[in-house]
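To start, the structure under review is shown below, and the notes come after it.
The values are calculated or read from the model by the stated rules, or taken from the named source; none is laboratory data. Computed from a predicted model, the values in this text were never measured in an experiment. Neighbour counts are summed over all protein chains in view; Cβ atoms, including those assigned to glycine, are modelled from backbone coordinates with ideal geometry.
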Amino acid sequence: MSKSYRDRGRTAPVGSRGREETFRCRHCKLLVGAVPSGGKHRNHCPSCLYSRHVDGKMPGDRASDCRSSMAPVAVFTRPNGEYVLVHRCLGCGFERYNRIAADDNFERVLALPEVQMPRHDTADKETPMTA
Ligand SMILES: [Zn+2]
Ligand SMILES: [Zn+2]
């Protein structure tokens, strides 16, 4: 997929509505686009797996103004085999769980230390559970 095609092919509205799905990874400088499939929104870089601390307690709430980089520090698997990344903020130490996306660099996911599934698994779920 060529960069210029993506830049010119669409007349994206500039400003105001800023598409949250697109961002420049601050760690590896990759321009990250929307999730191709199997996800609602992208919250980390598919290449280096780094994220950014923009959410507060709930994934996607954009309630934090920390804005520091969040490093992938571990991974765990759910009973259904789904992989979930543990991100830790380099600025404030906040930890968050994020499901991996369909096009994440899976080798990097597997290279992370595997930990037990935390009791409070707050990452996105396909079928939200209220427990
Ligand atoms: Zn990256
Ligand atoms: Zn933070």
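Filter segment 25-40 for residues that are within 13 Å of ligand 1 (Cβ to nearest atom), at pLDDT below 90 and in a loop (DSSP other than H, G, I, E, B) and give the result.
GLY33
If I filter segment 94-103 for residues that are among the hydroxyl-bearing types (Ser, Thr, Tyr), closer than 26 Å to LYS29 by Cβ and assigned to a loop (DSSP other than H, G, I, E, B), do I get at least one hit? Spell out how you get there, then give the answer.
Of the residues in segment 94-103, the ones among the hydroxyl-bearing types (Ser, Thr, Tyr) are 97.
Narrowing further to those that are closer than 26 Å to LYS29 by Cβ: 97.
With assigned to a loop (DSSP other than H, G, I, E, B) added as a condition, the list becomes none.
No, segment 94-103 has no match at all.
Go through (1) exposed (fewer than 15 other Cβ atoms within 10 Å of the Cβ); (2) within 15 Å of ligand 1 (Cβ to nearest atom); (3) not β-branched (Val, Ile, Thr) for ARG108 and report which single condition fails.
(1)
Please find, among ARG52, ARG62, ARG88, ARG96, the residue that is at pLDDT 95 or above, of a type outside the set (Val, Ile, Thr) and within 16 Å of ligand 2 (Cβ to nearest atom). Walk me through it before giving the result.
Working: ARG52 fails: at pLDDT 95 or above; ARG62 fails: at pLDDT 95 or above; ARG96 fails: at pLDDT 95 or above.
From the options ARG52, ARG62, ARG88, ARG96, the qualifying one is ARG88.
Taking segment 74-99 only, how many residues are surrounded by 13 or more Cβ atoms within 10 Å (Cβ to Cβ) and either free of Cβ contacts under 8 Å to residues at least 40 places away in the same chain or more than 16 Å from ligand 1 (Cβ to nearest atom) (or both)?
Within segment 74-99, residues that are surrounded by 13 or more Cβ atoms within 10 Å (Cβ to Cβ) and either free of Cβ contacts under 8 Å to residues at least 40 places away in the same chain or more than 16 Å from ligand 1 (Cβ to nearest atom) (or both) number 18.
Has segment 66-81 got at least one residue that is part of a strand (DSSP E or B), of a type in the set (Lys, Arg) and either away from ligand 2 (no atom under 13 Å from the Cβ) or under 19 Å from CYS28 (Cα atoms) (or both)? Show your work before the answer.
Within segment 66-81, the first condition is being part of a strand (DSSP E or B), and the residues that meet it are 69-77.
Those still in the list that are of a type in the set (Lys, Arg) too: none.
The answer is no; no qualifying residue exists.
Counting only residues that are free of Cβ contacts under 8 Å to residues at least 12 places away in the same chain and within 16 Å of GLY93 (Cβ to Cβ), how many does segment 58-73 have? Break it down stepwise before answering.
Residues of segment 58-73 that are free of Cβ contacts under 8 Å to residues at least 12 places away in the same chain, as a first pass: 61, 63, 65.
Next, from what is left, pick out any that are within 16 Å of GLY93 (Cβ to Cβ): 65.
Number of matching residues: 1.
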